[in-house]
Amino acid sequence: MILQVIVKVLISLCLIYAFFAVWTNEIDIKKTIITPLSSIVKFKKHVNLDINIKNTSLVRCILPGHDHSGNLGLLFYDLNIVNSSDENSTIKKAVVRYSLNNRRFEVESVVLLTGTLYSPLEKKDINAVIIKRGADKIVLMNWNNLRTKIGERKALPPNGVLPGSALFVLGVDSVEGISRIRHLEIVVVDYSGAETVKPIKLLDNWIEEAKHSLIENRNFSIDQAGNIRYSN
């Protein structure tokens, strides 16, 4: 009887100490629980998507030979895939998904033909694409097709960054049709099957710009005087 009482007292004291330790933050509950499990279960960390929204726009796409030539497309000029895990990661694909008329769509980016532009700063020719916006021509320098870079299947080390540019052609051919798009998101999938999903909100200024913005899938060159010469 006395032994049972002693045991109950000791258990009560241990519980009181544990409660006090947690209350005073002497025990890290997350570390106490997660650390033992980490040797049994592998917690998968996805890659992150860093998108410069200021360099994102909607444009009409003239793509010879493409089924959706003339449709509007979502253009990401500055898109970075960041490996935030502690292991190498190889990206399998980057797609845009959306709903339209109660149907779900998934599209990969278009590999745009690029032109060449001499850069006095870099003292060499660099790749570029041109957006025509009304009477203006906007040259996007150092255009790197993300789909091409992903196709190289290079492993991305921890904290590594895969920068790129991408044009995703949507299934609408009018600015009015944009209003019917729902659940728009960009998705990056690695070879382990893990997906990183980032919702995209269509901004009003993108829609306004789409009314008079155009991109053509053509090779070109720009001389030092700024003259544009198309080769196809």
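Against the conditions (1) part of a helix (DSSP H, G or I); (2) modelled with pLDDT of 95 or more, where does His183 fall short? Just the number, please.
(1)
Return the residues of the stretch 137-173 that are under 21 Å from Leu184 (Cβ atoms) and aromatic (Phe, Trp, Tyr); say none if nothing qualifies.
Selection gives Phe168 alone.
Only residues in the stretch 104-116 that are in the same structural domain as Ile181 (by TED's automatic domain parsing) and over 22 Å from Arg229 (Cβ atoms) count as the first member; pair them with residues that are surrounded by fewer than 16 Cβ atoms within 10 Å (Cβ to Cβ) and small (Gly, Ala, Ser), Cβ under 8 angstrom, at least 6 apart or cross-chain, and list the lot.
Partner pairs satisfying both residue conditions: Phe105/Ser99.
Within the stretch 73-116, restricting attention to residues that are more than 23 Å from Leu49 (Cα to Cα) and in a strand (DSSP E or B), which residue is modelled with the lowest pLDDT? Steps first, answer last, please.
As a first pass, look at the stretch 73-116 and keep what is more than 23 Å from Leu49 (Cα to Cα): 100-103, 113-116.
From the residues that got through so far, the ones that are in a strand (DSSP E or B) too are 100, 103, 115-116.
On the way: Leu100: 95, Arg103: 96, Gly115: 94, Thr116: 91.
It comes out as Thr116.
If you take the residues of the stretch 128-142 that are among the hydrophobic types (A, V, I, L, M, F, W, C) and closer than 21 Å to His212 by Cβ, which of them is surrounded by the fewest Cβ atoms within 10 Å (Cβ to Cβ)?
Residues of the stretch 128-142 among the hydrophobic types (A, V, I, L, M, F, W, C): 128-131, 135, 138-141.
Cutting the leftovers down to closer than 21 Å to His212 by Cβ gives us 128-131, 135, 138-140.
Working: Ala128: 18, Val129: 24, Ile130: 21, Ile131: 19, Ala135: 6, Ile138: 14, Val139: 14, Leu140: 19.
This residue is Ala135.
Scan the stretch 75-98 and report the pairs whose first residue is within 15 Å of Val110 (Cα to Cα) and whose second residue is in a loop (DSSP other than H, G, I, E, B) and among the hydrophobic types (A, V, I, L, M, F, W, C), with Cβ atoms within less than 8 Å and a gap of 6+ or a chain change.
Every condition considered, the pairs that remain are Tyr77/Trp143; Val96/Leu170; Val96/Ile200.
State the number of residues belonging to the stretch 215-227 that are modelled with pLDDT of 90 or more and among the hydrophobic types (A, V, I, L, M, F, W, C).
Summing the residues that are modelled with pLDDT of 90 or more and among the hydrophobic types (A, V, I, L, M, F, W, C) in the stretch 215-227 gives 2.
Does Ser192 meet the test of being closer than 27 Å to Asn48 by Cβ and in contact with a helix residue (DSSP H, G or I) (Cβ under 7 Å, 6 or more places away or on another chain)?
Values: closer than 27 Å to Asn48 by Cβ: yes; in contact with a helix residue (DSSP H, G or I) (Cβ under 7 Å, 6 or more places away or on another chain): no.
Against the criterion (closer than 27 Å to Asn48 by Cβ and in contact with a helix residue (DSSP H, G or I) (Cβ under 7 Å, 6 or more places away or on another chain)), Ser192 does not qualify.
Residues to consider are Gly160, Gly171, Gly164, Gly177; find the one that is in contact with a helix residue (DSSP H, G or I) (Cβ under 6 Å, 6 or more places away or on another chain), in the same structural domain as Glu108 (by TED's automatic domain parsing), touching a residue at least 60 places away in the same chain (Cβ under 8 Å) and of a type outside the set (A, V, I, L, M, F, W, C). It would help to see each step written out before you state the result.
Numbers: Gly160 fails: in contact with a helix residue (DSSP H, G or I) (Cβ under 6 Å, 6 or more places away or on another chain); Gly171 fails: in contact with a helix residue (DSSP H, G or I) (Cβ under 6 Å, 6 or more places away or on another chain); Gly177 fails: in contact with a helix residue (DSSP H, G or I) (Cβ under 6 Å, 6 or more places away or on another chain).
Going through Gly160, Gly171, Gly164, Gly177 in turn, just one is in contact with a helix residue (DSSP H, G or I) (Cβ under 6 Å, 6 or more places away or on another chain), in the same structural domain as Glu108 (by TED's automatic domain parsing), touching a residue at least 60 places away in the same chain (Cβ under 8 Å) and of a type outside the set (A, V, I, L, M, F, W, C): Gly164.
Does the stretch 137-147 contain at least one residue that is among the polar types (S, T, N, Q) and not in a loop (DSSP other than H, G, I, E, B)?
Yes.
Across the stretch 176-202, what is the total count of residues that are out of contact with any strand residue (DSSP E or B) (no Cβ under 7 Å at 6 or more places or on another chain) and surrounded by 14 or more Cβ atoms within 10 Å (Cβ to Cβ)?
The total comes to 2.
If the Cβ limit is 7 Å and pairs must be 6+ apart or interchain, which residue in the stretch 206-227 that is at negative phi pairs with which residue that is surrounded by fewer than 17 Cβ atoms within 10 Å (Cβ to Cβ) and in a loop (DSSP other than H, G, I, E, B)?
Listed by first residue and then by second, the contacts come to His212/Gly134; Asn217/Pro64; Arg218/Asn232; Asn219/Ser231; Asn219/Asn232; Phe220/Ser231.
The values are calculated or read from the model by the stated rules, or taken from the named source; none is laboratory data. What you see is a predicted model, and the numbers here were worked out from it, not measured in a lab. Positions of Cβ are generated from backbone atoms using ideal geometry, with glycine treated the same way; all protein chains shown enter the neighbour counts.
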